[in-house]
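So the structure is just underneath, and the comments pick up after that.
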Amino acid sequence: MRAIKYSIKLFLLASLVFALISCTQEEKRKPSISEKVSHPVPFVKSGIEGGVYKVKEGDDLWDIAEIYYHDKYLWPNIYRVNLDEIGDPDILEPGQEIQVPSFDGTENHWTDKDLKDIAEGHIQAYFSYHKDGKKNARYYLWVAKHTDQAVFDKYADQVAAADKKAIEGMGGQIQY
C-alpha cells in the first residue's frame, strides 16, 4: 500500500515537472510581435482634419463644428478663418463653401497652437456679437481669456470696458 502511494506521488510530481518544462518550452516557441504582424503597422495620425464644407439648407456653424470636431462649442474656430465669407456667424447661405481648419492636437489634448486658435475664434465671435448687441457676447470673451491669456491681451484695447469688468467677476475654468 505504501508503495502505491509513493508511486502516485512520484507520478504526480513527474507530471508537474513535465508540464512546467512544456510550458517553458512553449513560451520560447511563441512568435515575437514582429513575427505576428505580417503587414506594417499603420501610422495613426494625431490631430483633427479640417476641409472645405459646402453649406446645405439649415446648416449652421454649430452643426459643422459637431461634424468635424465632435464639439459644437468649437464653432468659433471655423468662423475665425471665414470672416470674409461669413458676415453674421448665425447665418450661413446654402451653397456657400467655407474652410474648416484642422487642429494639431486632439480632443482633450490640444496643442498651444490649437488653444491660441480656439481663443482667437472666440474673440472674433465676441466682436461680431458685441457689434450686433447680442447679450451672449461676453461669454465668448470669457472663453478667449481663459483659453489663452496672450490672445485676450492682444485684443484687450478693443474690448469694451464694461465687458472686461463683467468677465472679471466670472469664475471657473475651461477644460480645453
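The values are calculated or read from the model by the stated rules, or taken from the named source; none is laboratory data. From a predicted model like this one, the values you see are computed outputs, not experimental measurements. In this analysis, Cβ positions are derived from the backbone assuming ideal geometry, glycine residues included, and neighbour counts consider all displayed protein chains. These area figures cover heavy atoms from the full protein model, side chains too; ligands, DNA and RNA do not enter into them. Shrake-Rupley method; radii C 1.70, N 1.55, O 1.52, S 1.80 Å.
Structure notes:
- Of the residues screened, A161 is not one that is of a type outside the set (S, T, N, Q) and touching a residue at least 24 places away in the same chain (Cβ under 8 Å).
- For L61, the criteria (1) closer than 23 Å to G171 by Cβ; (2) hydrophobic (A, V, I, L, M, F, W, C); (3) under 18 Å from the mean Cα position of the chain (by Cα) hold in every case but one, which is (1).
- Lone unmet requirement of (1) in contact (Cβ under 8 Å) with a residue 24 or more places away in the chain; (2) open to solvent by 20 Å² or more (accessible area, probe 1.4 Å) for H122: (2)
- Scanning region 91-111 for residues that are at pLDDT 95 or above and among the charged types (D, E, K, R) returns E93, E97.
- Within region 134-167, tally of residues that are among the acidic types (D, E), surrounded by 12 or more Cβ atoms within 10 Å (Cβ to Cβ) and farther than 15 Å from L115 by Cβ: 1
- Residue among Q149, Q99 that is touching a residue at least 40 places away in the same chain (Cβ under 8 Å) and either in contact with a Cys (Cβ under 9 Å, 6 or more places away or on another chain) or not basic (K, R) (or both): Q99
- Checking each residue in region 79-103 for being within 17 Å of I48 (Cα to Cα) and hydrophobic (A, V, I, L, M, F, W, C) picks out V81, I98, V100, F103.
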